[in-house]
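Written below as structure tokens is the structure these notes are about.
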Amino acid sequence: MKVISKGVITTLLEKLVFKSYRYAKKILINTEGFEDILTEGYKVNSEKIIYLPNGFNIEENLDIKSETNLKNPGSCFKVFYSGLFG
């Protein structure tokens, strides 16, 4: 695996990542250890971080007020996640 040397492009990308984390309303993580990286390295407020492990079980983790939302997909807020972003 080739290592990218630190230069103008990597510095700009780091700044973009830093701002993205700082200005996000909420940040979902699936690894508990990543919270330390965000709070200590990126100075992100821990109240913005939500731990959502892989193998998420909706019945165990969400306060479902109505099953009709699950039966009517158009009424739900949707998020798509694939892989590691940071």
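Observations on the model:
- Of the listed requirements (1) exposed (fewer than 11 other Cβ atoms within 10 Å of the Cβ); (2) at pLDDT below 85, K43 misses just one: (2).
- Of all residues making up the stretch 1-48, the number that are free of Cβ contacts under 8 Å to residues at least 12 places away in the same chain and assigned to a loop (DSSP other than H, G, I, E, B): 10
The values are calculated or read from the model by the stated rules, or taken from the named source; none is laboratory data. Bear in mind the structure is a predicted one, so any value in this text is a computation, not a measurement. As a convention, Cβ positions derive from the backbone with ideal geometry for all residues, glycine included, and neighbour counts pool all protein chains shown.
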